[in-house]
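Take a look at the structure below.
The values are calculated or read from the model by the stated rules, or taken from the named source; none is laboratory data. The shown structure was predicted, so the numbers you read here are calculated from the model rather than taken from an experiment. Here the Cβ is made from the backbone with ideal geometry for all residues, glycine too, and neighbour counts use every protein chain on show.
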Amino acid sequence: MNKKFARLSTPYLYWLYILALFPALFMFILMFLDIPEGLDISNGLKFTLENFKQLSEPSTLIAFGNSFLYAFITTILSILFGYLVAFRLFRSKFKNKFLVLVILILPMWTNILLRTESLAGFLNSNGNVVLSLLGIKSAEFDLLGTPFAVIFGLFVTYVPFMVMPIFNSLEKIDKSIEEAALDLGLTETQKFFKVILPMSSKGIVTGSIMVFLPCLSGFAIPEILGRGNIVLIGNVIEASFKNMSYTIGSLLAVIILVVILLSIFIVSKIDKEGETLL
Amino acid sequence: MKKAIIELKNVSLRYDDDPENPIVNNINLQIYENEFVTLLGPSGCGKTTTLRMIAGFQTPTEGEVIIDGKVFNDIPPYARPINTVFQRYALFPHLNVIDNVKIGLNNRPLKNLIEFFGGEEKILNEIKEDKLAKGLPLEKASKANYFEINKKINEHIDIAAKNALSLVKLNGYEKRKIDQMSGGQQQRVAIARAIINKPKILLLDEPLAALDLKLRQNMQYELKEMQRALGITFIFVTHDQEEAMTMSDRVVVMQDGIIQQLGTPEDIYNEPVNPFVANFIGETNIVRGTYLHEGLIEFLGVEFAIQGYKFEDGEQVDVVIRPEDWDVVLLDQAKLIGTVTSRIFKGVHYEICAMFGDKEIVIHAYETPNVGDKIGLKVDPYEIHLMKVVEEEVEEEVNE
Ligand SMILES: Nc1ncnc2c1ncn2[C@@H]1O[C@H](COP(=O)(O)OP(=O)(O)O)[C@@H](O)[C@H]1O
Ligand SMILES: [Mg+2]
């Protein structure tokens, strides 16, 4: 990049250090500290590995397990659905494909809390427009607080992150490559599985990580749609900080951070040029 | 009688947005077994489109594509005995070299592969021999299950792929990634990937266009050799007339979707049928003349003897004389005398331009007249080629 412009970005880099790196570093230190309840540090700070005991607590393990499970299920659903949408769009003769993508991303520009709240209203029997229209009043249709609601919420929120990179990787496949496959005797089905799918796999990997990570670490969606019945690790972290048990919160947050960094590392290995990202 | 392997019958292709101007316009063409045919024409004249109709990527709007006596219009590409070397290679970037070469065979049904490698009996026999060699009793060796047959076929595919790679001189590159190969090497992979399938017809769409001169000349020679050795019909597309001349058995000169001339390189060079072909195939001089009577023509105000053309007496014709066919002679022996306007050294010969009246003539010669000198020319009767004047040009002249 142009050196002049690079210098323009310097202030932002400093803000980035202050707002992201510094808190992360702080959390990293906090997780090794022994801070008693009530934040009474009059006896001085002591280093301890005591906090790590929290990791073997069943509640933490369940929360971690839930997080991975829900993130995994959402990712799989997003791959299946996202690939279908991306492929359909890729194949369509529609001229303004970009418009379709914009419509797909449009909801992402509204606040996630608002979106989730309205989804909650939708899944709640009480005030559900669809059910009212159908004349159903049974409380059995109250889906709020079920695993389905949480997965549905995660899926609806994050599936655009899957469609984009897959679509981008499909768009990069030259028409003549597909013709070459047919020319060499591959049927349409073989062509899809032997050529198109492997050539768009970068997009699937990128998309998967972009869906998996926010699902793994988020807390708003399970909080609102799970009504507290379903606890993910994000909820535990949030609760820890709320209850002023900063050391435990930091420990869990740092673990999630490591998972995220690892994933980004994997993406950068697989998709070196970042070509499937926008 | 040679057997036509491909026949295009009144083939046209129009796009919906402009049905008035067909991209390919009523083409008739027969291509014979083991022939090296080149489609030659300027960019945009419909060469690729014609090739795509033969390969099955486009269906003619009108007419028939006949392969081996059967109409193939609606048969998909994968079911045609044809393979293509694409203009920009179109290799699979997610596969290495050898997997690129194998992909065609790897995706065929087993039954088809058994036939491809010599039939069931031969394959079973080979498995039996292998087992006997390992010391198994005859009774056990005579039976083969699905997995053993599959394994044998895979061995055959491996060997075929190695052979194809050595044919294009790429031994040792099996495991390379495609993006680690140079343009010329990718070119060879594309050829190996096509010929391993033993197609009856190989289509090559400007396969050498992206290579540098030296490599291109080598590949021209190698492709020609390959075509002889394999006995496959090659249909080659190029916009480079020299390439077409050196490689082909027959050349199809195209312009605006129409076949202008079809013939051996010699025919097309020596006896172009119209000014387009004459100009496109190398440098040439075209002069308007009058056909006086059999054996005699007049142009540039002088009468010349000719051989073997028949027109109406007194008809206007276009006279074609190649630059190298002029003989530079002493002025007192010359039929035409002009003034030299330029002289350029071209390595072996000089390219001399001279004015004869208001007409400029290009001459290739070994003599070295200076600019401004008088130059005398003669031409042998058999070097004078006549073409019918194209209608619209006559009209234009009338209008002027
Ligand atoms: N999809 C299309 N729609 C309309 N015109 C096309 C299309 N594809 C190609 N053409 C036109 O067809 C003509 C012939 O193209 P092509 O066969 O590729 O020429 P060549 O290979 O001889 O350079 C070109 O003028 C091109 O603009
Ligand atoms: Mg072309």
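Across the stretch B:162-169, not a single residue is classified as surrounded by fewer than 16 Cβ atoms within 10 Å (Cβ to Cβ) and either within 26 Å of B:Arg52 (Cβ to Cβ) or facing chain A (nearest Cβ under 10 Å) (or both).
Only a single item in (1) touching a helix residue (DSSP H, G or I) at 6+ places or on another chain (Cβ under 9 Å); (2) touching a residue at least 40 places away in the same chain (Cβ under 8 Å); (3) not small (Gly, Ala, Ser) is not met by B:Val329, and it is number (1).
Would you check which residues across the stretch B:9-31 are in a strand (DSSP E or B) and more than 8 Å from ligand 1 (Cβ to nearest atom) and list them? If the condition is that a residue be in a strand (DSSP E or B) and more than 8 Å from ligand 1 (Cβ to nearest atom), then B:Lys9, B:Asn10, B:Val11, B:Ser12, B:Leu13, B:Asn25, B:Asn26, B:Ile27, B:Asn28, B:Leu29, B:Gln30, B:Ile31 are the ones that fit. Got a number for residues in the stretch B:50-70 being in contact (Cβ under 8 Å) with a residue 24 or more places away in the chain, among the β-branched types (Val, Ile, Thr) and in a loop (DSSP other than H, G, I, E, B)? The number of residues fulfilling the criteria is 1.
Is it the case that some residue within the stretch B:240-262 is among the polar types (S, T, N, Q), more than 13 Å from B:Leu40 (Cα to Cα) and either without any contact (Cβ under 8 Å) to a residue 24 or more places away in the chain or not assigned by TED's automatic domain parsing to the domain that holds B:Lys388 (or both)? No, the stretch B:240-262 contains no residue that is among the polar types (S, T, N, Q), more than 13 Å from B:Leu40 (Cα to Cα) and either without any contact (Cβ under 8 Å) to a residue 24 or more places away in the chain or not assigned by TED's automatic domain parsing to the domain that holds B:Lys388 (or both). Could you go through the stretch B:73-83 and let me know if any residue there is at pLDDT below 95 and more than 14 Å from every other protein chain (Cβ to nearest Cβ). Yes.
Is it true that B:Asn73 is away from ligand 2 (no atom under 13 Å from the Cβ) and part of a loop (DSSP other than H, G, I, E, B)? Steps first, answer last, please.
Working: away from ligand 2 (no atom under 13 Å from the Cβ): yes; part of a loop (DSSP other than H, G, I, E, B): yes.
In short, yes.
Looking at the stretch B:62-81, can you tell me whether even one residue there is away from ligand 1 (no atom under 14 Å from the Cβ) and under 14 Å from the mean Cα position of the chain (by Cα)?
The first filter runs over the stretch B:62-81 and keeps only residues away from ligand 1 (no atom under 14 Å from the Cβ), leaving B:62-81.
Filter once more, so that each one left must be under 14 Å from the mean Cα position of the chain (by Cα): none.
No: zero hits.
Report whether or not B:Phe86 is away from ligand 2 (no atom under 16 Å from the Cβ) and either closer than 15 Å to B:Leu203 by Cβ or of a type in the set (Lys, Arg) (or both). Steps first, please.
Working: away from ligand 2 (no atom under 16 Å from the Cβ): no; either closer than 15 Å to B:Leu203 by Cβ or of a type in the set (Lys, Arg) (or both): yes.
For B:Phe86, the condition - away from ligand 2 (no atom under 16 Å from the Cβ) and either closer than 15 Å to B:Leu203 by Cβ or of a type in the set (Lys, Arg) (or both) - is not met.
For the stretch B:1-48, the candidate set comprises residues that are within 16 Å of ligand 2 (Cβ to nearest atom) and more than 19 Å from B:Gln241 (Cα to Cα); within that set, the residue that is farthest from the other protein chains (Cβ to nearest Cβ) is B:Ile27.
A single entry from B:Arg343, B:Arg288, B:Arg322, B:Arg250 fulfils the requirement of being basic (Lys, Arg) and modelled with pLDDT of 95 or more: B:Arg250.
Matching residues to (1) surrounded by 14 or more Cβ atoms within 10 Å (Cβ to Cβ); (2) in a helix (DSSP H, G or I); (3) hydroxyl-bearing (Ser, Thr, Tyr):
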position: A:Tyr14; (1), (2), (3): no, yes, yes
position: A:Ile62; (1), (2), (3): yes, yes, no
position: A:Leu84; (1), (2), (3): no, yes, no
position: A:Phe87; (1), (2), (3): yes, yes, no
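Checking each residue in the stretch B:177-195 for being within 13 Å of chain A (Cβ to nearest Cβ) and crowded, with 16+ Cβ neighbours inside 10 Å picks out B:Ile178, B:Gln186, B:Val189, B:Ala190, B:Ile191, B:Ala192, B:Arg193, B:Ala194, B:Ile195. Looking only at residues of the stretch B:32-49 that are away from ligand 1 (no atom under 16 Å from the Cβ) and assigned to a loop (DSSP other than H, G, I, E, B), we find that the one that is surrounded by the most Cβ atoms within 10 Å (Cβ to Cβ) is B:Glu35.
Out of B:Ile268, B:Ile286, B:Ile235, report the one residue that is within 16 Å of ligand 1 (Cβ to nearest atom), closer than 27 Å to B:Cys45 by Cα and hydrophobic (A, V, I, L, M, F, W, C). Explain how you work it out, then say what you get.
Values: B:Ile268 fails: within 16 Å of ligand 1 (Cβ to nearest atom); B:Ile286 fails: within 16 Å of ligand 1 (Cβ to nearest atom).
None of the others qualify; the one that does is B:Ile235.
Please go through the stretch A:178-228 and give me each residue that is within 14 Å of another protein chain (Cβ to nearest Cβ), assigned to a loop (DSSP other than H, G, I, E, B) and crowded, with 19+ Cβ neighbours inside 10 Å, ordered by number. Break it down into steps so the answer makes sense when it comes.
We begin by selecting, within the stretch A:178-228, every residue within 14 Å of another protein chain (Cβ to nearest Cβ); these are A:178-205.
Now drop any that are not assigned to a loop (DSSP other than H, G, I, E, B), which leaves A:184-187, A:200.
Those that are within 14 Å of another protein chain (Cβ to nearest Cβ), assigned to a loop (DSSP other than H, G, I, E, B) and crowded, with 19+ Cβ neighbours inside 10 Å: A:Leu184, A:Gly185, A:Leu186, A:Ser200.
In the stretch B:53-71, is there at least one residue being of a type in the set (A, V, I, L, M) and within 12 Å of chain A (Cβ to nearest Cβ)? For the stretch B:53-71, residues of a type in the set (A, V, I, L, M) and within 12 Å of chain A (Cβ to nearest Cβ): present.
Of the residues making up the stretch B:167-210, those that are in contact with a Leu (Cβ under 9 Å, 6 or more places away or on another chain), of a type in the set (A, V, I, L, M, F, W, C) and away from ligand 1 (no atom under 16 Å from the Cβ) are B:Leu167, B:Ile178, B:Met181, B:Val189, B:Ala190, B:Ile191, B:Ala192, B:Ala194, B:Ile195, B:Ile196, B:Leu202.
Taking the stretch B:304-336 as the region of interest, how many residues are polar (S, T, N, Q) and under 29 Å from B:Thr368 (Cα atoms)? Step through it out loud before you land on a result.
First pass over the stretch B:304-336, keeping only residues polar (S, T, N, Q): B:307, B:316, B:333.
Applying the additional criterion that residues be under 29 Å from B:Thr368 (Cα atoms) yields B:333.
Residues that pass the stated criteria total 1.
Restrict the check to the stretch A:74-82 and report whether at least one residue is under 17 Å from the mean Cα position of the chain (by Cα), modelled with pLDDT under 90 and of a type in the set (S, T, N, Q). Scanning the stretch A:74-82, I find no residue that is under 17 Å from the mean Cα position of the chain (by Cα), modelled with pLDDT under 90 and of a type in the set (S, T, N, Q), so the answer is no.
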